[in-house]
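Student: Attaching a single structure in structure tokens format; questions to follow.
Just so it is clear, none of the values below were taken in a lab; they were calculated from the coordinates. Every value quoted in this text rests on a predicted model; they were computed, and no experiment measured them. Backbone-built Cβ (ideal geometry, glycine too); neighbour counts: all protein chains shown.
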Amino acid sequence: MTPSSLDQRNHLRFVPSVPVALGMAILAGWIMDFGFPDHDIWPLALVGLALMLWSARGLSFHRALLVGAVGGFTFFGILIWWLTVYLGLIPWIALTLAQVFFFSLGMGLVGLAWHYGSRQWPSLTGRLVITPALVGGAWMTREAVSSVFPFGGFAWARLSQSQSESTLAPLVAWVGTSGMSFLLAFFVAFLIALMTDKRLTWDARATLAWSAALALVVWPAWPVQESGSIRVLAVQGNAEAGLFADYDWGDNLADHYRVTTPLYGQHVDVVIWPENASDVDPLRYPEAAALVSEVSREMGAPLVVGTITRDGDETFNSVLLWEYEAETGRDIVRDQYDKIHPVPFAEYLPWRDFFYPLAPSLFDMVPRDYSFGQRDTVFEVDGATAGIAICFDIVDDEIVWSMMDSGADIIFAPTNNADFGRTDQSIQQLSIARMRAIETGRSVVNISTVGTSAVIDPWGRELDRLPTYEEGYMLLDVPLADHTTPATLIGRNLELLVVGFTLSGILIAMLGERQRSPRSGRGGVVSNPA
């Protein structure tokens, strides 16, 4: 059999034309959004993914870029609409287009993986394993790059994060957030390749599909080993003061103080207030120090409290471990975490001299640049080591692995969601916190100024939850754990391995096509005529 006839025999089937592919991508982006909170119909994330991956099947690189741009705009445009609440359309458009850029490139890689992989590896293993693995790897590669670049990236809306309520959630403890995205994308690409394979009978296809699905669904949860518990009081003050909302100075502090005082005398090991709960820095203002000291003294426990601190000319988004020491009668700040990765265009303006003149009225909303913290990410609290994740820290892989390397056996996640109003943002963030709990095998106390606040155990189960935009508190014993999950042990290594496999695999397939083309008498690669 000649190379030319071999190429024809293994040409992809059921390849959409460009107009059909564009329509599929638009529909796919919309359906994928339904798989994420607040809709949380998790199977639809995989259905939308199937349409998205199929839309680039057989297309040339440039056409796949176009399809990816359209699909990416639909998906991200809907999913992060919450950005418009206080900031309006311009930041939403800017962030959406930035993600569209990466999404488009990612779909270009998907198109290359489908096209060249199917020609380079025409065997059954190549068609059903190698090529789908390259497609899944291309999807994960896009997520991995956009999660760290530029300015620290935007690690939101990764495929695995849609599965916090699904039966597939335990997978994340084995392979991590990026690894789970790869497995899900590989599985969906495998199903597409399987259902369109002309050499297999329908009985064989059905058997393989059910076997693969069953393997994912019945994959066991990583065994959690509790090492004790800590009694936590987490307070939600319904304080609607965020970075961008108008409010009176001291409102946050007053709201959380008011909710806490009726609980004086309760036995607790630690009190946790959210990010910026003390909007008056107790390190600089005696009035604020008096209130937080009173809380610690009357509760007989340290107070974990978010505030804005200063050190010379630098400003930090900080969390303090504040304690009234009964033996000496002194107030002691036992520890402090300064946010290591402030959020670009919100907590600081990158390249201010360049960006500010482009939209002065908009960037006036970011009048100060928070500095990048240098302190470690853990507190020692009543014999427990607590990892501290301020707001968007919970999506940052580097910070999560850092706290795990430092021996965290519980995670405190104070956050302020007031700037996003009554949108899906806080519930999307909570779903990420739930996946982090399973991934690390650690309980997560996610406490917000306005919600969504919840305590999640190492299995991903909610132990308690507060309604949004209501004052309230959660008082309970929270499990500690000191075991190591495979995801924690692997860290970023699996992600780097998949990226390397994907890029090298696509390159090998392209070089193989180039070598075959002269011998087969063709002038080059023939892409989908559509």
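Student: Where does each of 290-297, 448-455 land if you order them by average Cβ count within 10 Å, highest first?
Tutor: Order by mean packing, descending: 448-455, 290-297.
Student: Residues with amide H under 5 Å of Tyr473's amide H, sequence separation 5 or more or different chain, H placed in the peptide plane at 1.01 Å from N; which?
Tutor: It is Gln236, by chain and number.
Student: Here is a further query. Which of the GluC sites (Glu not before Pro) across the stretch 397-490 are loop residues per DSSP, with 15 or fewer other Cβ within 10 Å?
Tutor: Answer in residue order: Glu470.
Student: Highest mean first, what order results for 63-72, 382-391, 35-44, 318-327 on Cβ atoms within 10 Å?
Tutor: Highest mean packing first, the order is 63-72, 382-391, 318-327, 35-44.
Student: Using DSSP to define loop residues, name the trypsin sites (Lys or Arg not before Pro) in the stretch 138-219 whose beta-carbon has at most 10 other beta-carbon atoms within 10 Å.
Tutor: Passing sites in the stretch 138-219 are Lys198, Arg199.
Student: What are the residues whose amide H is under 5 Å from the amide H of Asp464, where those residues sit 5 or more places off or on another chain and H is modelled from the backbone?
Tutor: Val455
Student: Between Glu327 and Thr261, what length comes free when the chain is fully extended (0.36 nm per residue of separation minus the Cα-Cα distance, one decimal in nm)?
Tutor: Using 0.36 nm per residue and subtracting the Cα-Cα distance, I get 21.5 nm.
Student: Here's another thing I want to ask about it. Restricting to DSSP H runs of at least four residues, report the calculated mean residue ellipticity at 222 nm for the chain, -39500 (n - 2.57) per run over all residues, nearest 500 deg cm²/dmol.
Tutor: -14500 deg cm²/dmol
Student: Can you tell me how the chain classifies by the Cα gyration tensor, rounded, prolate or oblate, using a/c under 1.5 as the rounded cut?
Tutor: Taking the square roots of the gyration eigenvalues as a ≥ b ≥ c, the chain is prolate.
Student: Output ³J(HN,Hα) for the stretch 170-187: one whole-Hz value per residue in order, computed from phi by the Karplus curve 6.51 cos²θ - 1.76 cosθ + 1.60 with θ = phi - 60°, and x for Gly and Pro.
Tutor: Ordered by residue, 3J(HN,Hα) equals x, 4, 5, 5, 8, 10, x, 4, 5, x, 5, 4, 4, 4, 5, 5, 4, 4 Hz.
Student: Moving to a separate point now. Within 10 Å of each residue's Cβ, count the other Cβ atoms and sort Met180, Met107, Met510 from fewest upward.
Tutor: The most exposed by this proxy come first: Met510, Met180, Met107.
Student: Skipping prolines and chain starts, which residues have an amide H placed within reach, meaning under 5 Å, of the one on Asp335, given they are 5 or more residues away or on another chain?
Tutor: Leu321
Student: Got the relative contact order for the chain handy, in percent, Cα pairs under 8 Å and 6 or more residues apart?
Tutor: After rounding, I find 17 percent.
Student: Hey, quick one: spin label on Asp477, modelled 7 Å out along Cα-Cβ, who in the stretch 221-243 has an amide N within reach, i.e. under 20 Å?
Tutor: Flagged as within label range: 224-234.
Student: Using the number of other C-beta atoms within 10 angstrom as an exposure proxy, rank Tyr257, Tyr264 with the fewest first.
Tutor: Ranked by crowding around the Cβ, least crowded first: Tyr264, Tyr257.
Student: Turning to a different aspect of this structure: So what are the ³J(HN,Hα) numbers for the stretch 40-49, from phi and the Karplus equation (6.51, -1.76, 1.60; θ = phi - 60°), rounded to whole Hz, Gly and Pro as x?
Tutor: 6, 8, 4, x, 5, 5, 6, 5, x, 4
Student: Normalised by the number of residues in the stretch 320-466, what is the relative contact order in percent for Cα pairs under 8 Å and 6+ residues apart?
Tutor: Computed over the stretch 320-466, the figure is 15 percent.
Student: Using θ = phi - 60° and the Karplus curve 6.51 cos²θ - 1.76 cosθ + 1.60, what whole-Hz ³J(HN,Hα) does each residue of the stretch 255-268 get, with Gly and Pro shown as x?
Tutor: Values per residue, Gly and Pro as x: 5, 6, 4, 5, 6, 7, 4, x, 9, 3, x, 5, 7, 9 Hz.
Student: How long are the semi-axes of the equivalent ellipsoid of the stretch 112-216, defined as square roots of 5 times the Cα gyration tensor eigenvalues? Whole Å, largest first.
Tutor: 27, 18, 8
Student: With both bridge residues required to lie in the chain, what share of the DSSP beta bridges run antiparallel, to the nearest 5%?
Tutor: Bridges in the chain that DSSP calls antiparallel: roughly 70 percent.
Student: Taking only C-alpha pairs under 8 Å that are 6+ residues apart, what is the relative contact order of the stretch 120-177 in percent?
Tutor: Once divided by the residue count of the stretch 120-177, the mean separation gives 17 percent.
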